[in-house]
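To start, the structure under review is shown below, and the notes come after it.
The values are calculated or read from the model by the stated rules, or taken from the named source; none is laboratory data. The structure displayed is predicted, hence computed values, not measured ones. Note that each Cβ is placed from the backbone with ideal geometry, even for glycine, and that neighbours are counted across all protein chains shown.
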Amino acid sequence: MGEIGLYVHIPFCDKRCTYCDFVTFTDQHSNIDRYLDALIVEMGFYRGRALSTIFIGGGTPTVLTVAHIDRLLSAIKSTFDTSGLGEATVEANPESSSEDRLRAFQRGGINRISFGFQTANPAQLEKIGRLHTREMFFERFNLARSIGFNNINIDLIFGFDGQDAADWNDTLDRVLAISPEHISTYALKVEPGTPMHRSGVMVNDDLQADLYIAASNCFRDAGYEHYEISNFSKPGLRSTHNSRYWLNQETVGVGVSSTSFINGERRKNTGALPAYMDALSKGTLPRQEVNALTPEKLARESLMLKLRLSDGVPYSELEPLNLPMVPVFLRRGLASLDKGLYSLTPQGWLLSNRLYQDFL
């Protein structure tokens with residue numbers, strides 16, 4: 001069996017951000033030990049598989065105590081073959097990224113941090129419910145650097161209510177000043193059921209498009225590669241774990257609400273925390289959905305996902321599908337064709353959902 005990527009979902013937070021619709025809990029910290037019991041049982045179903053990447057996300061993985069971190073990473077090492085492990089990432093929020101926690105992750109084999117920053121505007125940080133200040137973010141970034149983390153991603157969100165080009169450019173400049181290896185930028189989405197949605201916030205699509213292109217131009221001018229719709233990296237430092245999703249390679253997700261793609265199937269766990277823990281306490285997998293992909297569907301899906309990448313896809317594989325928007329994107333300059341490879345431009349990525357609808 002080939003190598004897989006492992007995603008571990010830690011669904012605990014000290015506070016929920018106003019835009020967040022992920023499966024996370026702010027009042028379940030007393031269940032962390034039981035949840036780790038369940039994670040370890042679930043990982044056991046894949047015992048012996050070789051890992052190429054690890055991504056511990058959430059939620060807020062840095063709310064775990066040092067003892068929890070040690071237990072989790074020790075269980076991963078004893079369950080999987082990590083001899084060929086490359087990138088191993090943990091998501092981190094500045095307010096809970098204490099030195100002892102960061103060192104525990106490092107000691108357990110984590111070699112990459114993904115910090116949630118979102119914006120450098122203090123008023124916006126408070127408005128969206130973040131628990132850290134701008135100054136705290138830079139302090140914890142420097143702390144991670146000082147203890148040896150040399151591969152750090154920063155997450156940013158653009159399109160907040162009240163945000164303008166000058167404010168966004170200030171955030172971009174401050175991020176460039178600390179020279180992270182990787183930057184992820186996401187357009188704000190106001191999801192139903194979130195506090196932001198209930199307060200009536202709406203996004204300005206035209207402004208978001210302008211801010212997106214501004215980020216693309218800014219980071220590319222600074223030497224970063226805009227290699228995926230939302231992601232920029234210094235040369236040679238793309239996220240190898242996330243690239244597994246875009247290349248439709250096998251990944252196993254463990255934890256409540258996590259998803260997997262393995263043996264030609266897409267699998268999703270239940271999003272209910274009690275049901276997840278109860279199932280695994282009985283030795284059964286907490287599956288909510290299992291969808292087997294036909295070879296044709298897998299091929300189309302793989303092409304669609306690869307169009308998220310700047311590398312593009314062979315035009316010879318697109319042409320037989322007769323997708324109406326493929327030539328339209330070329331004519332409008334939203335895609336390019338170079339040496340037989342069809343790829344979207346940043347402007348094309350803005351409108352990529354129109355193209356993806358053809359695949360679906």
Could you check, for segment 296-307, whether at least one of its residues is touching a Lys or Arg at 6+ places or on another chain (Cβ under 7 Å) and of a type in the set (Lys, Arg)? no
Where residues in segment 96-115 are touching a Lys or Arg at 6+ places or on another chain (Cβ under 8 Å) and within 28 Å of Thr194 (Cβ to Cβ), which of them is surrounded by the most Cβ atoms within 10 Å (Cβ to Cβ)? Ser97
Of everything in segment 316-360, what is under 16 Å from Ile229 (Cβ atoms), among the hydrophobic types (A, V, I, L, M, F, W, C) and not in a helix (DSSP H, G or I)? Give them in sequence order. Leu334, Ala335, Leu344, Leu351
Determine whether segment 150-172 contains at least one residue that is part of a helix (DSSP H, G or I), free of Cβ contacts under 8 Å to residues at least 24 places away in the same chain and under 30 Å from Glu99 (Cβ atoms). no
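Pick out, from segment 203-278, the strands (runs of 3 or more DSSP E) lying fully within it that include 1 or more residues that are assigned by TED's automatic domain parsing to the domain that holds Ile183 and at pLDDT 95 or above.
Correct list: 225-228, 231-233.
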Taking the conditions exactly as written (among the charged types (D, E, K, R) and buried (at least 16 other Cβ atoms within 10 Å of the Cβ)), does Asp155 satisfy them or not? yes
Starting from segment 12-29, take each residue that is touching a residue at least 40 places away in the same chain (Cβ under 8 Å) and list its partners that are part of a loop (DSSP other than H, G, I, E, B) and of a type in the set (Asp, Glu), counting only C-beta distances under 6 angstrom and pairs at least six apart or across chains. Asp21/Glu191
Restricting attention to segment 173-202, which residues are crowded, with 16+ Cβ neighbours inside 10 Å, part of a loop (DSSP other than H, G, I, E, B) and not β-branched (Val, Ile, Thr)? Pro180, Glu181, Leu188
Can you name the condition, by its number, that Ser78 falls short on among (1) within 28 Å of Leu172 (Cβ to Cβ); (2) hydroxyl-bearing (Ser, Thr, Tyr); (3) without any contact (Cβ under 8 Å) to a residue 12 or more places away in the chain? (1)
